[in-house]
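The values are calculated or read from the model by the stated rules, or taken from the named source; none is laboratory data. From a predicted model like this one, the values you see are computed outputs, not experimental measurements. Don't worry about glycine lacking a Cβ; one is built from the backbone with ideal geometry, like all the others, and counts go over all protein chains shown. All accessible areas refer to the heavy atoms of the entire protein, side chains included, with ligands and DNA or RNA removed. Shrake-Rupley method; radii C 1.70, N 1.55, O 1.52, S 1.80 Å.
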Amino acid sequence: MEKEEICQYFNGIIKNEKDVSAGMAAIRTLLKVLQYSKSETVQELRYCLQNAIDAMRSTENPVTAIASGSELFLRFITLTALDTPTFAECRGIMLHRGNMFYEKLVAARGKVAKVAAHFIKDGSKILTHSKSRVVLRAMKGAVESNKIFEVYVTCSSPDNSGEEMCQNLRKLGVSCTLILDSAMGYVMEQVDMVMVGAEGVAESGGIINKIGTYTLAMCAKEVKKPFYVLTESFKFSRIYPLNQVDLPNEFKYTASTLKKDLQKEHPLVDYTPPHYISLLFTDLGILTPSAVSDELIKLYL
Amino acid sequence: MTNKKGNISEKSREEIKAEREAKKAAKAHAKAKAKSTKIPDKDPSNNNKSTSSNSIKNRTSNDTPETVTNKNIESPNKISVITKTSNTCEKDEKIVSEVSSEGKSKAELRAERRAKQEAQRAAKQQILSEKNKNKEDNNNNSNNNNKSATHTITVIDTIKKVSPKKIQKINIHEINLFKHLYHEREQATVNVPFVNSNIHPAIIRLGAQYASKIIVGSNARCVAFLAGVKQLIQDFERPPQADFIRGFEANLQESVAYLHHCRPLAVSMHNALKHLKWQMTQFSSSLSDVDVKNKLSNAIDTYIREQIELADKAISITIQTKISNGDVILTYGYSSLIHKILLDAHTAAKEFRVIVVDGRPWLEGKEQLRRLAKHGIECSYILINALSYIMPEVSKVFLGAHAILANGSVMSRVGTAQVALMARAFNIPVLVACETHKSCERVQTDSIVYNELGNADELVQDCGNGAQKSLLTNWRTKKLLNLLNIVYDVTPANLVTAVVTELAILPCTSVPVILRIKPSEI
């Protein structure tokens, strides 16, 4: 597959299937590449996949999820003995493992929603930030079990994705209020907990998410409200930001803004350090931030 | 220990004076007690009489220092002639002092003492006879021994009186919180083998280098130790009718005990030793001696290369991503690894400034400063007192480590915890660079339970005005003045942003995972 073709396929998924996150789309694209690649050796195949990853990273999408998703995918499909007699067989194994991986991921969101829904109690007030599919799913689960709760959603500039989240919640029949980003502190004392999604989870157990999450976490810490993160485990990535500045630029800006003067640009994501986070709900179970690194070590070392 | 003694004999004048006073006080106290017919109370001040206490507890606690002293006197005698002579002359002086300090006739005093001892023994036997007979027998035996000894030569009596006092003299300046550490050091001196036993000269030299702080730093000590062991392996000859490995293990054990006596082993050395022992268990008994020697030497070389050199390299490469242009990096003391990292960053043409923070009494930061400045890195040098002044301009703190513990705490040169705490207060990321061969399965939350005691006299030296005599010079003569010089402290995990190991950059809390995945050989 050519580079344009890859980008087109990838963008197509993101555009047409609203329910698929960028990371999942990336993995699906990689599966496609794996299926149709004409490479003859493992090395060549790897090179081909790496090219595809680079191509997807250059699109106008959040890089964090793409990077961690594809890295995990590569790691997972090559995590077996690949010394089979023929390359076709080897590719077959990889494809099989890739599909297995993908199916696991599809199920992941449901699992996360299931563990998180228990934390939503009747009558509780929840503050959430921006739009997150997995938070939406968890709330859907809670509604289905006849729980009545209230949600505050920040409108989350610059793309105002909170509005979309609010609409989706209203469709579910959840009473929901759209608030200004600057009203986080105002609302904080009224809510029982904060629930956010994540674009990526760093090795430290901190999260990379839509700009404003860090502010929200700090507010929550100050007012002593629990700060829960709902995330699938494929978003775990092997980066370790020390502070906001240390976060790589390609994570903070889209590919097109990277070419401009970054001093004048707004970052799109921020990094929330682990000590602001109470718990992470993942498909591996409910983790404390420090357990993230343990899981990553298990996978990579 | 020997060092300490040397110091004592140097300052014997002041010491003697103080001792005389103490003795007079004790005597007055004893007399007052002898007059009153009561059973002697449990006042700790009468511990200095070898048979004075009336409870078993006091008795046993009294016994231990005595035996320790006896051995203390013995072992240095065997170790070096110099200390022996200094020791004996010290004793002589003390005897003289005692004689001169007594106003009354000696015989009178002794009679008085004996009478008191008898009375106390009678009282004690009453209590003891009901409790346990074995114990009593032992005590009696030892008492009898003591007595016979005192009968034979009269001078020994005075010596015996002096020795427990002398130990107490040292004990006076022990910090209560760290008592166990002093005791540990004493134990180490007791177990030390004699010099004429078969310790390799290389090991003896190494021990001297450790003791005099010529070789310092976790890595350097580990490498030097392994080099010493390698030499030991090469020169080791199989004892007749013994397995090579077994014979060598015994020899190694002795060497390690000797090194431990010189200075407590570093965690890195413990791990290296563990690895070495594991290697030895892997050899089949059919191997020839030469083969075993070669294999062990190779194993040592591999260990040094993989665990120390390559690990350092890997850490340096990983940490480079965290150094950006315009950074101000603060570091404390001297760490070979931090030095390497900063040097590598400098060669990679990164623009940064280094602030070297230093703390007394060793001032190891000067070495760091000298080496960094030599390579043209922009440096500032401050003492730890000025930390809060300099902190606002710092962007990252890099620290070395002595060991990393299972709960994620970092054990490092004393002062490190303070630097980390200050960095935390200013919200500056703290990175600890530490190879995994320094990881340790011990859990420690404070710096008290396990630590190393430095020589307290090092604190006396004033760094500023060399010409003037330090106010602390005579600290040992002052009863209530204690100096403590501990070597390490423990930085809790929550003060450390990340630990950089050769495997990955990790949060402190993931250290147990490293311990778990590390194969058993380390």
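Structural remarks
- Long-range amide H partners of B:Glu502 with built H, under 5 Å: B:Thr436
- Solvent-accessible area of A:Arg133, all protein chains in place: 70 Å² (probe radius 1.4 Å, heavy atoms, ligands and nucleic acids excluded).
- Phi-based couplings in Hz for the stretch B:473-485 (Karplus 6.51, -1.76, 1.60; Gly and Pro marked x): 3, 9, 4, 5, 7, 8, 5, 9, 9, 10, 10, 10, 10
- FRET efficiency, A:Arg75 to B:Glu306 (Cβ-Cβ, R0 22 Å, nearest 0.05): 0.35
- Shape call, chain A: gyration tensor on alpha carbons, a/c limit 1.5: prolate
- Here the Gaussian network model covers chain A, with springs between Cα atoms less than 10 Å apart; of A:Val223, A:Val112, A:Val196, A:Val223 fluctuates the most.
- Protein accessible area in the stretch A:1-59, 1.4 Å probe - carbon and sulfur %: 48 percent
- Computed [θ] at 222 nm, deg cm²/dmol, chain A (DSSP H ≥ 4; -39,500 (n - 2.57); rounded to nearest 500): -15500 deg cm²/dmol
- 3J(HN,Hα) from dihedral phi, the stretch A:13-20, Karplus parametrisation 6.51/-1.76/1.60, rounded to Hz, x for glycine, proline: 4, 4, 6, 7, 10, 5, 8, 9
- This model, with +1 at the C-beta of Lys and Arg and -1 at the C-beta of Asp and Glu, gives chain A a dipole about its Cα centre of some 560 debye.
- Distant-in-sequence amide contacts of A:Ser157, defined by a placed amide H-H separation under 5 Å and a gap of 5 or more residues or a different chain, comprise A:Asp181.
- Gyration tensor verdict on the stretch A:116-204 (Cα atoms; rounded if a/c is under 1.5, prolate if a/b is larger than b/c, oblate otherwise): rounded
- In order along the stretch B:422-436, the phi-based Karplus estimate (6.51 cos²θ - 1.76 cosθ + 1.60, θ = phi - 60°) of 3J(HN,Hα) comes to 5, 4, 4, 5, 9, 6, 10, x, 10, 10, 10, 9, 8, 6, 6 Hz; Gly and Pro are listed as x.
- Heavy-atom accessible area for B:His375, with the other protein chains in place and a 1.4 Å probe, reaches approximately 80 Å².
- Equivalent-ellipsoid semi-axes for the stretch B:315-395 (Cα gyration tensor, √(5λ), whole Å, largest first): 20, 14, 11.
- nm² value of the averaged projected area, convex hull over the Cα atoms of the stretch B:211-272: 4.3 nm²
- Among the listed pairs A:Lys147/A:Lys171; B:Lys295/B:Lys438; A:Lys121/A:Lys224; A:Lys260/B:Lys396; B:Lys277/B:Lys438, those with a Cα-Cα distance over 20 Å are B:Lys295/B:Lys438; A:Lys260/B:Lys396.
- Residues whose amide H comes within less than 5 Å of that of A:Thr177, counting only those at least five positions distant or on another chain, are A:Val151, A:Tyr152, A:Val153 (H built at 1.01 Å from N in the peptide plane).
- Listed pairs A:Lys18/A:Lys298; A:Lys140/A:Lys298; B:Lys213/B:Lys340; A:Lys111/A:Lys298; A:Lys125/A:Lys221; A:Lys104/B:Lys518 exceeding 24 Å between Cα atoms: A:Lys18/A:Lys298; A:Lys140/A:Lys298; A:Lys104/B:Lys518
- For the stretch A:35-134, projected area of the alpha-carbon convex hull averaged over all directions, nm²: 8.4 nm²
- Ordered from largest to smallest accessible area (heavy atoms of protein chains, 1.4 Å probe), the residues B:Tyr450, A:Tyr276 come out as B:Tyr450, A:Tyr276.
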